[in-house]
Structure formats: C-alpha cells, structure tokens
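Student: The structure follows.
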Amino acid sequence: MKVSNRIITFVLILQSVLLFTHLLVYETWTFSPTTGHTPGPLWLKLLLGFLALTFVPASVLAFRYTNAAVRLFYRIAAVWAGLLSFLVFAVACCWIVFSLAFAIGLNVNFHLMVEILFGIALAAGTYGVFNASWTRITRATVRLANLPAAWRGRKAALISDLHLGHIRNGNFLRRMVATISREAPHAIFIAGDLYDGTAIDAARAAEPLSQLTAPHGVYFVAGNHEQFRDDSKYLRAIEAAGVRVLNNEKVEADGLQIVGVPYKNAWQRNAFASVLQAIGLDRNRASILVTHAPDHPEVAESAGISLQLSGHTHLGQFIPWSWIARRIYRQFVYGLSRIGNLQVFTSSGAGTWGPPLRLGSNPEIVVLQFE
C-alpha cells in the first residue's frame, strides 16, 4: 500500500507540473503588456489541454501494453514532452527579457518576441527529433599497458542505450547490427539498456542480435532499465540470440581479460568494490570492464582495471539535461577520460529515453582501436 501511495503521489505531482507548464505556455502566448491577458482561441486551449494530459497516461499504458495504438500514443506524447521542454525554456527567456526591459524603461514588442522564441524552440526541438535518428560512428584509439600482442591493431565496437520499446524496436536494432557488422570488429560490447523497460516482446526484439558476430565474442551487461524489475526475461532473450551475458564475471579473449558487472551490482560503491575483488583480476595484464554507468570509476581504478566501457548518461540528450548530466558525471559524462591508470570511455548511446530527440548530443556506435 505504501509503495502504491508513493507511485500515486508521484504521478499526481508529475501531472500537476505538466498542467502548470502548459498553462504557462498558454498565458505567455496570450499575454499583452498593454491589456494584460487576452483570451486565446478555443482550439489552442483544447489542444494544450489535450497535450497536457498525454504523457502520464501514455507512460502508464506503455508499461503494461504493447500494440500499435499504444505505440503511436506514446510516440506523440514523448515527442511533445521534448518540444515542451524547449518551449518552457523559451517562456523563461521571454519573461526574463521582458522584466529587464521593463526595469530599465525599454519598450519591447512582447508578442513578437514570444513568436520568435517559440519558433526557435519548436525548430530546435524538431531538429532534435531528426538528429536522434541519425546514428554516427565515433572512432577512438586506446593505448593500454600490457596489451596482449595479438590485440594490437584490433578493433572493438561499443554500443549502449538502444532503449528498445515503443519508440525504437527490432527494425532499429537491425540497422545497428548491420552498421556494426560492416566495421568487422574483433569483439562487440553492449553496455546495457538494450531495452527501455516498457512492455515488449523481449525475445522478438532481440532476434536481430543473432546476426551479430565477432571473432572474440559479443558481450552484454545489464543496465538499469533491464533491472527496473526482474531482468530474467531480458537476459534469456539476449542469451537466446547468441550473446554472452556477463554477470559479475571475467572471461578471457586471446589473453585479454573482459569483465562484466551489471548495474545493480555497480551503482553502490562498496558492492562494486566487493564484486571486482571477488572476480580475481590479474593486475599485470590488460583488462576491459563493461558496466552500464560511469558511477564509480575510482573503484575500477583501485581494482586494477585498464579500460572501462560505459553508457547511461546519454550526454543528457538535450539542453538543459545535458548541463545536469555534466555536473553529475563531470569528465566521465562522455568520451575518453582517465583517472589514475584507468581509462574510461563513456558512450552517449544509440537510442533515447523519454523524448526521442537529441540536441547537443549525437546517437552513436563507438569503434575502438587498440594500441
């Protein structure tokens, strides 16, 4: 009962915030400095009222059902949630400029300013939707101490955060598999959040992974979205597609140590340290740790890991969340960084969570070459 009450409270708070933000957009659009509030057209009220009531019901339905109608409803709600974020940013800019102009006695055409800033916001959001569907190849060279001679010059592919669900599905995964296969990597690492955590036929969605092959293996480590609840259905589907699921273990690949720690065992510092200690890493040989989030790189460094591969951050996906992500993860939010003897590569991910748009971050597949 307590859990249910907390969920209901959260849903009510979220819905209240959404209603308030839509009202704020409406009031800003209809405000006049000379006459105050000017009622807008009925269609605008009805449209904003409908959109304000889409995201919460769509999210609830998405966690329980998967069919064409729910997918369409969720996509509309998710895209609008992203566009709304930009509109709220535009609203804030409008009122800041108006307040400063009023304070110094400067007359500004408020509605023209609103039209321009709202137009920029919607254009930026629309670009973000298209940008989120344009997956890039990011290439990086990694130099590891004690790298086995056999691995010099070899390539590995890293992909994370596909978030298969109501926005992206098996067709998206098939495109990612085809792109990775063209690179002919010697090993492939999937660093969690293959699934979004919403209702989905897990086995059917994972089928394209059966076409993903590499001489030294394809490896998966669970992310937080697989582990919202019981992750067994996801892991079974991934294993059935021929991918090796790493669960607090180490494997050898032509002299290279490959370690996998799922999110639930890595997000707490002490538990993470205990798992890495129990794995029995050889500090005198190069090693790769695959774990979903770059939460505690100092723990991996203390354990003697050479290279950590992660995702999770999405590089914030779009402003202002990108600023928050940078503040939380600092230099580990994206790309190749170092702490002591450990190198960390954090991918911005291939998919999206929530609003299917990216601005200031690009969806990617990472190709690493070892030296």
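Student: Being at pLDDT 95 or above and farther than 19 Å from residue 307 by Cα narrows it down to one residue among 253, 273, 278, 241; which is it?
Tutor: Working: 253 fails: farther than 19 Å from residue 307 by Cα; 273 fails: farther than 19 Å from residue 307 by Cα; 278 fails: farther than 19 Å from residue 307 by Cα.
Residue meeting the stated conditions: 241.
Student: Only one of 315, 276, 336 is touching a helix residue (DSSP H, G or I) at 6+ places or on another chain (Cβ under 8 Å), outside any loop (DSSP other than H, G, I, E, B) and closer than 24 Å to residue 144 by Cα. Can you tell me which?
Tutor: Values: 315 fails: closer than 24 Å to residue 144 by Cα; 336 fails: touching a helix residue (DSSP H, G or I) at 6+ places or on another chain (Cβ under 8 Å).
Only one candidate passes the filter, namely 276.
Student: Determine if the range 355-362 includes at least one residue that is in contact with a Ser or Thr (Cβ under 6 Å, 6 or more places away or on another chain) and either farther than 30 Å from residue 255 by Cβ or of a type in the set (Lys, Arg) (or both).
Tutor: Here is the first cut: in the range 355-362, the residues in contact with a Ser or Thr (Cβ under 6 Å, 6 or more places away or on another chain) are 360-361.
Filter once more, keeping what is either farther than 30 Å from residue 255 by Cβ or of a type in the set (Lys, Arg) (or both): 360-361.
Within the range 355-362, one or more residues are in contact with a Ser or Thr (Cβ under 6 Å, 6 or more places away or on another chain) and either farther than 30 Å from residue 255 by Cβ or of a type in the set (Lys, Arg) (or both).
Student: Sticking with this one: Read through the list (1) more than 23 Å from residue 161 (Cα to Cα); (2) surrounded by fewer than 18 Cβ atoms within 10 Å (Cβ to Cβ), then give the number of the only condition that residue 249 fails.
Tutor: The one condition residue 249 does not meet is (1).
Every residue, every condition in (1) at pLDDT 90 or above; (2) in contact with a His (Cβ under 7 Å, 6 or more places away or on another chain); (3) loosely packed, with under 13 Cβ neighbours inside 10 Å, yes or no:
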site: 2; (1), (2), (3): no, no, yes
site: 6; (1), (2), (3): no, no, yes
site: 16; (1), (2), (3): yes, no, yes
site: 21; (1), (2), (3): yes, no, no
site: 26; (1), (2), (3): yes, no, no
site: 38; (1), (2), (3): no, no, yes
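Student: I'd like to know if the range 157-167 contains one or more residues that are surrounded by fewer than 18 Cβ atoms within 10 Å (Cβ to Cβ) and among the β-branched types (Val, Ile, Thr). Explain how you work it out, then say what you get.
Tutor: First, pick out the residues of the range 157-167 that are surrounded by fewer than 18 Cβ atoms within 10 Å (Cβ to Cβ): none.
Within the range 157-167, none of the residues are surrounded by fewer than 18 Cβ atoms within 10 Å (Cβ to Cβ) and among the β-branched types (Val, Ile, Thr).
Student: Given 287, 306, 274, which one is hydroxyl-bearing (Ser, Thr, Tyr), in contact (Cβ under 8 Å) with a residue 60 or more places away in the chain and assigned by TED's automatic domain parsing to the domain that holds residue 142? Reasoning before the result, please.
Tutor: Numbers: 287 fails: in contact (Cβ under 8 Å) with a residue 60 or more places away in the chain; 274 fails: in contact (Cβ under 8 Å) with a residue 60 or more places away in the chain.
Only one candidate qualifies: 306.
Student: When the range 176-205 is examined, which residues are found to be under 19 Å from the mean Cα position of the chain (by Cα) and not hydrophobic (A, V, I, L, M, F, W, C)?
Tutor: 192, 193, 195, 196, 197, 198
Student: Just need a number here: residues in the range 198-215 that are farther than 16 Å from residue 156 by Cα, surrounded by fewer than 21 Cβ atoms within 10 Å (Cβ to Cβ) and among the polar types (S, T, N, Q).
Tutor: The number of residues fulfilling the criteria is 2.
Student: Within the range 59-73, can you find the residues that are closer than 20 Å to residue 229 by Cα and without any contact (Cβ under 8 Å) to a residue 60 or more places away in the chain? Step through it out loud before you land on a result.
Tutor: Narrowing the range 59-73 to residues closer than 20 Å to residue 229 by Cα: 59-66.
Answer for the range 59-73, where residues must be closer than 20 Å to residue 229 by Cα and without any contact (Cβ under 8 Å) to a residue 60 or more places away in the chain: 59, 60, 61.
Student: Take residue 309 and decide whether it is touching a helix residue (DSSP H, G or I) at 6+ places or on another chain (Cβ under 6 Å) and modelled with pLDDT of 95 or more. If you could, list the steps in order and put the result at the bottom.
Tutor: On the way: touching a helix residue (DSSP H, G or I) at 6+ places or on another chain (Cβ under 6 Å): no; modelled with pLDDT of 95 or more: yes.
No, not satisfied.
The values are calculated or read from the model by the stated rules, or taken from the named source; none is laboratory data. In this text, all values refer to a predicted model and were calculated from it rather than measured experimentally. Neighbour counts run over all protein chains shown; Cβ positions are idealised from the backbone, glycine included.
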